[in-house]
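The values are calculated or read from the model by the stated rules, or taken from the named source; none is laboratory data. For clarity, every value in this text was computed on a predicted model and none was experimentally measured. Backbone-built Cβ (ideal geometry, glycine too); neighbour counts: all protein chains shown. Surface areas here come from the heavy atoms of the whole protein model, side chains and all, with no ligands, DNA or RNA. Shrake-Rupley method; radii C 1.70, N 1.55, O 1.52, S 1.80 Å.
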Amino acid sequence: QLQASGGGSVQAGGSLRLSCVASGRTLSNYVMGWFRQAPGKEREFAAAISRSGGNTLYADSVKGRFSIVRDNAKNTVYLQMNSLKPEDTADYYCAADPARWGSVYKDPSQYDYWGQGTLVTVSS
């Protein structure tokens, strides 16, 4: 089970840190991703991190502002979001997939496990 938290309401330019805790699973066995879905839009990729944390991948829209890190000892992956913009407003979902060491990918269809969303609202 994946439990996402940390969403909230912030003004443009602010920061939030999302957390995703895995229970019943050993997080180090999974590539982890963050995806988001804005009202009326399709779910889109935001960031992903390999099992070791050595490889990361970002959507162009968040590159340089968001940072994905993982703490396998705590079975937790984080998404640090800085310089937030109103267009970042969405439900954010974490996802996991058993993967080869070093793999990282952005296609949501490749992720087997999903948590519930946590809402991020950015006002201008």
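Listing for the model above:
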read-out	value
Under 20 Å from the Cα of Lys85 - lysines, other chains or at least 8 residues apart	Lys41, Lys63
Inter-label distance for Ser61 and Lys85, nm, one decimal - labels placed 7 Å from Cα along Cα-to-Cβ	0.9 nm
Zone residues, the range 58-94, relative to Ala38, backbone N less than 13 Å from point 7 Å out along Cα-to-Cβ	61-62, 85-91
Pairwise FRET efficiency - Ser123 versus Ser28, Cβ, R0 = 35 Å, nearest 0.05	0.40
Summed side-chain charge close to Tyr113 - residues other than Tyr113 whose Cβ falls under 13 Å, Lys, Arg +1, Asp, Glu -1	-1
The chain - accessible surface per residue (Å², probe 1.4 Å)	49 Å²
Separation of the Gln116 and Ser9 label points, Cα + 7 Å toward Cβ, nm	2.0 nm
Estimated vicinal HN-Hα couplings, Hz - the range 108-121 in sequence order (Karplus 6.51, -1.76, 1.60; Gly, Pro = x)	x, 5, 8, 9, 8, 10, 9, x, 7, x, 10, 7, 10, 10
The range 77-124, relative contact order in percent, only Cα pairs under 8 angstrom and at least six apart counted	54 percent
Semi-axes of the equivalent ellipsoid for the range 47-98, Cα gyration tensor, largest first, Å	21, 12, 10
In sequence order, calculated HN-Hα J values of the range 22-34 (Karplus, 6.51, -1.76, 1.60; Hz; x Gly/Pro)	9, 10, x, 9, 8, 4, 5, 8, 10, 6, 10, x, 10
Restricting the range 19-109 to trypsin sites (Lys or Arg not before Pro) in coil, as DSSP defines it, with at most 16 other Cβ within 10 Å	Arg25, Lys41, Arg43, Lys63, Arg65, Arg100, Lys106
Note, ³J(HN,Hα) from phi for the range 39-50, Karplus 6.51, -1.76, 1.60, rounded to Hz, x at Gly and Pro	x, x, 10, 7, 5, 10, 6, 10, 7, 8, 9, 6
For Ser5, solvent-accessible area (1.4 Å; no DNA, RNA or ligand), Å²	60 Å²
Thr89 long-range amide H proximity, modeled H, under 5 Å	Val122
Calculated diffusion of the chain, Stokes-Einstein form, Kirkwood radius summed over Cα pairs, 10 °C and 1.306 mPa s, µm²/s	113 µm²/s
